[in-house]
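J.: Right, I'll just put the structure down here and ask away after.
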Amino acid sequence: LDPWQKTFDAANGAHVLAYASSQADARALAELPGVTERGAPVPLATVTVGPQGSTDRAFLAGLSRPTAVNVPVLTAGSQLREGGIVLERSLADALGIEVGDTLAVTGGHGSIDLPVLGTAVVPSQPRYPRRNPGLAWVTPATLERVEPDRTRWRWTEALRLANPSAAARFTEHAATPLRSRDPSFEAC
């Protein structure tokens, strides 16, 4: 079994990962024909991470509970809990950040320091810096402390399909009505 497939299986990987501008749009995707399993919509904010003054961008995802689809697979440290952060492993490696370090996370309303609890991988995230911004996970309460302006949040919805080979067709079908309301909608 190749490493990506092993991660995909452990994460219950998404056949489609959609980015939407609202929680309602993210939820609507899960109701489309062909969806067999979904995660909960996850809020995202774009932040900078690293030492004070850092310019390394990351999507900060607010996980309220373990999700059913596209589960972050822990590679070091401990699971996510309130007041801490888990970094996608390649982002942590590129920035030279280790479990136990304290990381400055800066949103639209200032910076907070968070302890790095662990590192994880998901099959939907290419390695940083090839995929920029990077990815990190916090609880929704921590996300709200970092970026309290919910108008700056986007949402992801991880979906598994009855026919995974139909993902491109499903994405195009799902995108048409959402793109007419939200030109920033994207699915991968």
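J.: Counting just the residues of segment 6-36 that are open to solvent by less than 60 Å² (accessible area, probe 1.4 Å) and in a helix (DSSP H, G or I), which one comes out farthest from Thr156 (Cα to Cα)?
T.: Just the residues of segment 6-36 that are open to solvent by less than 60 Å² (accessible area, probe 1.4 Å), to begin with: 7-8, 11-22, 25-26, 28-30, 32, 34-35.
Still in the running and in a helix (DSSP H, G or I): 7-8, 11, 25-26, 28-30.
Details: Thr7: 19, Phe8: 17, Ala11: 16, Asp25: 9, Ala26: 6, Ala28: 12, Leu29: 10, Ala30: 11 Å.
Taking the candidates together, the pick is Thr7.
J.: Tally up the residues in segment 125-153 that are under 15 Å from the mean Cα position of the chain (by Cα), polar (S, T, N, Q) and open to solvent by 50 Å² or more (accessible area, probe 1.4 Å), please.
T.: Result for segment 125-153: 1.
J.: Also: Which of the residues that make up segment 38-62 are among the aromatic types (Phe, Trp, Tyr) and surrounded by fewer than 16 Cβ atoms within 10 Å (Cβ to Cβ)?
T.: Applying the first criterion (among the aromatic types (Phe, Trp, Tyr)) to segment 38-62 yields 59.
None; the set is empty.
J.: Phe170 is checked against (1) surrounded by fewer than 19 Cβ atoms within 10 Å (Cβ to Cβ); (2) touching a Gly at 6+ places or on another chain (Cβ under 9 Å); (3) not aliphatic (A, V, I, L, M) and fails just one. What number does that condition carry?
T.: So the condition that Phe170 fails would be (1).
J.: If you go through segment 111-124 one residue at a time, do you hit one that is of a type outside the set (A, V, I, L, M, F, W, C), in contact with a Cys (Cβ under 8 Å, 6 or more places away or on another chain) and either without any contact (Cβ under 8 Å) to a residue 40 or more places away in the chain or open to solvent by 20 Å² or more (accessible area, probe 1.4 Å) (or both)? Full working, then the answer.
T.: If we filter segment 111-124 for residues that are of a type outside the set (A, V, I, L, M, F, W, C), which is where we start, we get 111, 113, 115, 118-119, 123-124.
Now restrict to residues that are in contact with a Cys (Cβ under 8 Å, 6 or more places away or on another chain): 124.
Next, from what is left, pick out any that are either without any contact (Cβ under 8 Å) to a residue 40 or more places away in the chain or open to solvent by 20 Å² or more (accessible area, probe 1.4 Å) (or both): 124.
Checked segment 111-124: at least one residue is of a type outside the set (A, V, I, L, M, F, W, C), in contact with a Cys (Cβ under 8 Å, 6 or more places away or on another chain) and either without any contact (Cβ under 8 Å) to a residue 40 or more places away in the chain or open to solvent by 20 Å² or more (accessible area, probe 1.4 Å) (or both).
J.: Go over the candidates Ser64, Ser90, Ser78 one by one and state the one that is of a type in the set (S, T, N, Q) and in contact with a strand residue (DSSP E or B) (Cβ under 7 Å, 6 or more places away or on another chain). I'd like the intermediate steps shown before the answer.
T.: Working: Ser64 fails: in contact with a strand residue (DSSP E or B) (Cβ under 7 Å, 6 or more places away or on another chain); Ser90 fails: in contact with a strand residue (DSSP E or B) (Cβ under 7 Å, 6 or more places away or on another chain).
One residue alone meets the criteria, Ser78.
J.: Report the residue count in segment 85-105 for those that are buried (at least 19 other Cβ atoms within 10 Å of the Cβ) and more than 25 Å from Leu17 (Cα to Cα). Explain how you work it out, then say what you get.
T.: Filtering segment 85-105 down to residues buried (at least 19 other Cβ atoms within 10 Å of the Cβ) leaves 85-92, 95, 97, 103, 105.
Those still in the list that are more than 25 Å from Leu17 (Cα to Cα) too: 95, 97, 103.
The total comes to 3.
J.: Just to be sure before I move on: is Arg65 open to solvent by 40 Å² or more (accessible area, probe 1.4 Å), at pLDDT below 95 and either touching a helix residue (DSSP H, G or I) at 6+ places or on another chain (Cβ under 7 Å) or of a type in the set (Lys, Arg) (or both) in the structure I sent? Talk me through it step by step, then tell me what you get.
T.: Values: open to solvent by 40 Å² or more (accessible area, probe 1.4 Å): yes; at pLDDT below 95: yes; either touching a helix residue (DSSP H, G or I) at 6+ places or on another chain (Cβ under 7 Å) or of a type in the set (Lys, Arg) (or both): yes.
Considered against the rule, which asks whether it is open to solvent by 40 Å² or more (accessible area, probe 1.4 Å), at pLDDT below 95 and either touching a helix residue (DSSP H, G or I) at 6+ places or on another chain (Cβ under 7 Å) or of a type in the set (Lys, Arg) (or both), Arg65 comes out as yes.
The values are calculated or read from the model by the stated rules, or taken from the named source; none is laboratory data. Because the structure is a prediction, the values reported are computed rather than measured. So basically every Cβ, Gly included, is an ideal-geometry build from the backbone, and we count neighbours across all protein chains shown. Please note that ligands, DNA and RNA were not included when accessible areas were found on the heavy atoms of the full protein model with its side chains. Shrake-Rupley method; radii C 1.70, N 1.55, O 1.52, S 1.80 Å.
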